[in-house]
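A.B. asks: Next up is a structure, given as structure tokens.
Every read-out reported here was derived from the displayed coordinates using simple, explicitly stated rules and does not represent laboratory data. Source: prediction; values computed, not measured. Note that we place each Cβ from the backbone using ideal geometry, even for glycine, and neighbour counts take in every protein chain shown.
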Amino acid sequence: MASTETKPAADAGSVEAGLDALEVAVTGRPTFRQTFVTKIVPPVTAVLVVLVVWQGLISLKIVDDPTKLPAPAAVWHAFQHDWLHGTLLGYIWTSVSRGLLGFFFALLIGTPLGLLVARVRFVRAAIGPILSGLQSLPSVAWVPPAVIWLGLDNSMMYAVILLGAVPSIANGLVSGIDQVPPLFLRTGRTMGATGLKGVRYVTLPAAMPGYVAGLKQGWAFSWRSLMAAEIIANFPDLGVGLGQLLENGRTASDMAMVFEAILLILFVGIAIDLLIFSPLERWVLRSRGLLVKG
């Protein structure tokens with residue numbers, strides 16, 4: 001009898017030990033060397049490889065027409081020229097300020113719209129397919145009607161950004177809410193979290209992974225929409241953004257300027273992701289125990 005009574009306790013202890021072994025806790029922040037090796041060296045290596053291949057195409061005369069592929073030095077001189085003349089930061093700020101402000105408006109519209117679509121069955125049946133269709137519509141398609149409706153001013157730019165970003169934000173939130181376990185919602189209602197309280201304390205926090213994915217996609221759509229609008233809608237009062245810089249290079253057949261604009265557009269997209277969306281995504285994952293390192 002004694003042996004049979006102690007066996008469950010031993011089994012419970014072994015199970016607990018096994019569960020503890022499955023939970024790998026990582027304490028402390030990574031060292032500078034670890035960060036340097038894992039996060040800095042790989043992208044720097046990739047950039048160096050691209051530059052070596054690029055320069056090799058020029059040096060080996062595989063591409064010897066500068067109107068098709070400029071040398072890296074020519075693109076660097078274009079950057080230098082705009083920096084010394086004080087216009088480089090102006091190009092970036094014109095586009096980034098438009099993009100972020102337009103994305104903020106899209107956030108204000110897309111979030112309640114996503115909540116409405118996710119929670120009201122009639123609204124989902126009515127406009128859910130429309131949102132999905134708008135999300136797949138190329139951003140450049142909105143530029144001509146926006147110019148006709150609103151004219152060549154910043155309101156046209158913001159309209160194009162909204163039409164590109166709102167569907168992605170709303171659909172991302174709808175997807176996140178659809179994946180919330182019903183038990184969470186019932187528990188929230190039992191504890192008094194109904195109406196707006198339920199949205200604030202239960203629905204939105206539980207739907208955050210899908211919502212953040214929608215935000216990232218919404219920013220990508222809004223940035224592409226803005227570049228398309230700046231390329232097509234040329235007007236002096238709009239200022240010169242990165243899309244306009246790209247179009248100016250094409251008009252002048254200046255491939256160094258074209259590559260300068262392409263690299264700046266790429267740089268801004270990567271910077272916004274690294275500074276805003278990647279930390280937000282890590283925070284969401286870490287708060288759910290899905291990210292134990294980094």
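A.B. asks: As an exercise: evaluate Ser278 against (1) more than 22 Å from Thr94 (Cβ to Cβ); (2) touching a residue at least 40 places away in the same chain (Cβ under 8 Å) and give the number of the one condition it does not meet.
C.D. replies: (2)
A.B. asks: Please go through the range 162-200 and pick out each residue that is out of contact with any Phe, Trp or Tyr (no Cβ under 7 Å at 6 or more places or on another chain) and of a type in the set (A, V, I, L, M, F, W, C).
C.D. replies: Hits for the range 162-200 are Val166, Ile169, Ala170, Val174, Ile177, Val180, Leu183, Phe184, Leu185, Met191, Leu196, Val199.
A.B. asks: Looking only at the range 207-231, which residues are over 25 Å from Val147 (Cβ atoms), in a helix (DSSP H, G or I) and not hydroxyl-bearing (Ser, Thr, Tyr)? Before the answer, list the steps.
C.D. replies: As a first pass, look at the range 207-231 and keep what is over 25 Å from Val147 (Cβ atoms): 207-217.
Imposing the further condition that a residue be in a helix (DSSP H, G or I) reduces the set to 208-217.
Scanning the range 207-231 gives Met208, Pro209, Gly210, Val212, Ala213, Gly214, Leu215, Lys216, Gln217.
A.B. asks: Restricting to the range 61-89, count the residues that are surrounded by 15 or more Cβ atoms within 10 Å (Cβ to Cβ), among the small types (Gly, Ala, Ser) and not in a loop (DSSP other than H, G, I, E, B).
C.D. replies: From the range 61-89, those surrounded by 15 or more Cβ atoms within 10 Å (Cβ to Cβ) are 69-72, 74-75, 78-79, 82, 88; that's our starting set.
Those still in the list that are among the small types (Gly, Ala, Ser) too: 71, 74, 78.
Still in the running and not in a loop (DSSP other than H, G, I, E, B): 74, 78.
Looking only at that region, the number is 2.
A.B. asks: Which condition from (1) in contact with a Pro (Cβ under 8 Å, 6 or more places away or on another chain); (2) buried (at least 21 other Cβ atoms within 10 Å of the Cβ); (3) over 30 Å from Arg121 (Cβ atoms) is the one that Gly176 breaks?
C.D. replies: If we test Gly176 against (1) in contact with a Pro (Cβ under 8 Å, 6 or more places away or on another chain); (2) buried (at least 21 other Cβ atoms within 10 Å of the Cβ); (3) over 30 Å from Arg121 (Cβ atoms), just (3) comes out false.
A.B. asks: If you don't mind, another one. Please specify each residue of the range 93-106 satisfying the condition of being over 21 Å from Ser168 (Cβ atoms) and surrounded by 18 or more Cβ atoms within 10 Å (Cβ to Cβ).
C.D. replies: Residue satisfying the conditions is Thr94 alone.
A.B. asks: Scan the range 101-116 for residues that are free of Cβ contacts under 8 Å to residues at least 24 places away in the same chain and within 19 Å of the chain's Cα centre (by Cα) and jot them down.
C.D. replies: As a first pass, look at the range 101-116 and keep what is free of Cβ contacts under 8 Å to residues at least 24 places away in the same chain: 104, 108, 112, 116.
Within the range 101-116, Phe104, Leu108 meet the criteria.
A.B. asks: Could you give me the residue pairs with C-beta distances under 6 Å whose first residue belongs to the range 160-189 and is within 30 Å of Leu137 (Cα to Cα), whose second residue is surrounded by fewer than 16 Cβ atoms within 10 Å (Cβ to Cβ) and of a type outside the set (Asp, Glu) wherever it lies, and which are 6+ apart or on separate chains?
C.D. replies: What qualifies is Val166/Ile109.
A.B. asks: Moving to a separate point now. State the number of residues belonging to the range 117-155 that are over 15 Å from Pro167 (Cβ atoms) and without any contact (Cβ under 8 Å) to a residue 40 or more places away in the chain. Spell out how you get there, then give the answer.
C.D. replies: Just the residues of the range 117-155 that are over 15 Å from Pro167 (Cβ atoms), to begin with: 119-122, 125, 140, 143-155.
Okay, now just the ones that are also without any contact (Cβ under 8 Å) to a residue 40 or more places away in the chain, so 120-122, 125, 145, 148-151, 155.
Number satisfying all stated conditions: 10.
A.B. asks: Go through Phe184, Phe221 for me and flag whichever is out of contact with any His (no Cβ under 6 Å at 6 or more places or on another chain) and under 30 Å from Ser155 (Cα atoms). Outline the logic, then answer.
C.D. replies: Values: Phe184 fails: under 30 Å from Ser155 (Cα atoms).
Result of the check over Phe184, Phe221: Phe221.
A.B. asks: On to the next question. Between residues in the range 55-78 that are more than 12 Å from Val258 (Cα to Cα) and without any contact (Cβ under 8 Å) to a residue 24 or more places away in the chain and residues that are loosely packed, with under 13 Cβ neighbours inside 10 Å and of a type in the set (Ser, Thr, Tyr), which pairs lie under 6 Å by C-beta distance while being six or more apart or on different chains?
C.D. replies: As it stands, the answer is none, since no pair meets every condition given.
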